[in-house]
Amino acid sequence: MSETTESLNRRRFSVSREYLFWLVLVVAVVARLVTQNWDAGVNATPHPDERQVATVSHDLDGWFADPGFFAYGSLHFNAIRAIRAGLMMPDHWGAFVRAGRVVSLFASLGALVLGWWMARRGWGRRTALLGLALAALVPLDIQLSHYGTVEAHHALWVMAALAAAFQLTRRPHPVWAIASGAAMGASLAVKISSLGLLAPLAVALAVVALSRHQRHVPLFASLATFAGLVAFWVGQPWAWTDGRPPLVALSCSLVAVALSLVWQRLPGPARIAGLFATWMLLCVAALAVLGTFVAGDGALGGLGRAVSGLDTAANTAFLAGIGEQVRMVMGDADLPYVRIYAGTPKVLYPAAQLVLWGVGPALFVATLWGAWLGLTTLVHRRLRRPFRDVNSGEVLLVLLLAWLVPMTLRLATLQVKYLRYWEPLVVPAALLAAWGLLRLRTPWRRRAIAASLMIASVWGVAYLWAFVDDHPHAVAEQWLETVVDRAPAVAWEHWDEHIGGIGDPAVNLELASYELPDTEAKVEDLVSTLAEADWVVLTSHRVRRTVLANPDRYPRAGRLYTLLLTGQAGFEIATTAARAPRLAGLWAPVQLADESFVNYDFPRVVVLRRVAEVDVADLVARTARPLPGLEPMTPDRLDRITLAGVPVLEGRPDGVRQVMD
């Protein structure tokens, strides 16, 4: 009787966990669905990368057409085109924006489910459910699920590659080798930073080599190489000249597959020769790819010259696009929109941004704990049993660490520190955090899990609550349409967003504040523009934040912004429009967040009106000398000084806000 009761209790507990899985998944789906229309009321998406992706996707003429743009992979553009066609959306630009958001939505959810599946197979239902719950309301993941940009799609293929590599270690079979290589190739065809997946794939092959299936390692490596090359070429054909396939690399890997199928049947010395030939062919395939994309510029010296002509030549436009991105993140390319990172400390800046905005303190700390515990546990166990009793849980731990640790070190030390770069690490980090929390000692375990879930929920709900308000651009546009007609001249910042329908369309006044060098002639142009304007509309703090963060490069433009916002340039601040994560009436100071996190969802619009004539000569002269009491001036301090007490516009509250806010 007691055994029957215990069996029933276990069955009920199992069923309740299944219900919890579906409940958490529904929460994740709803959290991502409700923000899909995050820019409602804005004529065109205020995200420049989303506009670029939609434009390239719209202009593509077929799967293998040249996109002419290589910062992102062509597989993302073609996925958007396929979704638009599959959902029978009209063939116009706005439909491609919506299709891109659908791709990101399903990619985000797919990555969550793959992470849950991996944790369930490796660590059990409790860890899988906790990992899913920790990842369900991560602000960064929710944000990137409603942009039609590449990050969520990239994260999906990363998780697919990790899941396939994990399954290869659990069920060594050619299908999983093909899946591992294909997922990695597809991930590279979305974003080239997926090269870090080579480490988990190598770990998976090493685990197979230590098992009774070690004789299949050459076959698995050959299949993964061939599948990866095919997937990358299909997804990003114009990485090569005229979209031609890399025939040498493909042929070598395919012959290696054939050899690996027969070498075990060969007698004595022939078997060794066959095995050696298989690995040599894979090396030639690797050298051919290396010669295509790396060695051609002479970076590898004599070896580079030797292998540079082995295969189809790389598309020079592709190399230029990827090279520009690499130089940008390393700080070698002086692009206006990344000058904001001047002086930001490596490691500390991304850590602070992740804690405060990206993932929240609970997931951040729990991930660090999980990584430390995982590394020490693995070292301790392997010192005692170097190559014995390797179970699925340990393999999953090694795979996740092989992806997370090198990528974390790389991202934390980049010069350009966009928060969105961390998206492919969110779900693996949540899994590692869940594993670490469930291995705390009993007195602390429940408290730590409860606290982590509560804090993660607070961060997620506070982020979602911001979207009860209309987008600041839409709110500002509604106000401006009632106050400013089409007669007055309105000045905007170059490199930032414009709000449509405001001011005289025949008068184009732009403040080219980003331009260098910061000379007197440049300042005269800026001040002359102000003298012509009746209104100045700053649609975010992107430009002035960059200018004020670089006083050595923008000394005069920085002083001009200070004079403008403090009312000493003939203008006064009329109003602002903003929204921010909030809960229980407490607003988060989101303007301190990374520019890639704040300036699309939460831009603060500042509207200034002219109240006096602008003396061009006097104002130009004032920018040439220090401003007593106003220098040095950080962007955040300037906002605190000048925006305190300024009325904030609010959109019309809907029913939810009237009841709950």
Could you list, in sequence order, the residues of the range 154-169 that are open to solvent by 10 Å² or more (accessible area, probe 1.4 Å) and farther than 14 Å from P200 by Cα? L156
When you go through G358, G370 one by one, which is the residue that is farther than 25 Å from A107 by Cα and touching a residue at least 24 places away in the same chain (Cβ under 8 Å)? G370
Which numbered condition V97 fails, given (1) surrounded by fewer than 21 Cβ atoms within 10 Å (Cβ to Cβ); (2) not in a loop (DSSP other than H, G, I, E, B): (1)
Considering each of A466, A491, A521, A474 in turn, give the residue that is assigned to a strand (DSSP E or B) and not hydroxyl-bearing (S, T, Y). A491
Select, from A277, A273, the only residue that is of a type in the set (G, A, S), surrounded by fewer than 21 Cβ atoms within 10 Å (Cβ to Cβ), without any contact (Cβ under 8 Å) to a residue 12 or more places away in the chain and assigned to a helix (DSSP H, G or I). A273
Cβ-Cβ distance below 9 Å, separation of 6 or more or different chains: which pairs start in the range 92-103 with a residue that is without any contact (Cβ under 8 Å) to a residue 60 or more places away in the chain and end on one that is among the acidic types (D, E) and surrounded by 18 or more Cβ atoms within 10 Å (Cβ to Cβ)? V97/E50; G100/E50
Name the single residue, out of those in the range 281-316 being polar (S, T, N, Q) and buried (at least 16 other Cβ atoms within 10 Å of the Cβ), that is modelled with the lowest pLDDT. S308
Please list, ordered by residue number, the helices (runs of 4 or more DSSP H) wholly in the range 326-430 having 3 or more residues that are surrounded by 21 or more Cβ atoms within 10 Å (Cβ to Cβ). 361-384, 392-412
Residues in the range 35-78 that are open to solvent by 10 Å² or more (accessible area, probe 1.4 Å), of a type in the set (A, V, I, L, M, F, W, C) and modelled with pLDDT of 95 or more: how many? 2
Selection count, the range 208-235, where residues are farther than 15 Å from S180 by Cα and at pLDDT 95 or above: 3
Filtering the range 234-262 for residues that are in a helix (DSSP H, G or I) and over 14 Å from F220 (Cα atoms) leaves a count of 14
Here's a check for you: in the range 228-270, which residue that is farther than 28 Å from L162 by Cβ and among the small types (G, A, S) is surrounded by the fewest Cβ atoms within 10 Å (Cβ to Cβ)? G268
Here is a list: T149, T127. Which entry is at pLDDT 95 or above, polar (S, T, N, Q) and in a loop (DSSP other than H, G, I, E, B)? T149
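Does the range 599-613 contain at least one residue that is of a type outside the set (D, E) and surrounded by fewer than 15 Cβ atoms within 10 Å (Cβ to Cβ)?
Among the residues of the range 599-613, at least one is of a type outside the set (D, E) and surrounded by fewer than 15 Cβ atoms within 10 Å (Cβ to Cβ), which makes the answer yes.
The values are calculated or read from the model by the stated rules, or taken from the named source; none is laboratory data. Just so you know, these numbers come straight off a predicted model, no measurement behind them. Note that each Cβ is placed from the backbone with ideal geometry, even for glycine, and that neighbours are counted across all protein chains shown. These accessible areas exclude ligands, DNA and RNA; they are computed on the full protein's heavy atoms, side chains included. Shrake-Rupley method; radii C 1.70, N 1.55, O 1.52, S 1.80 Å.
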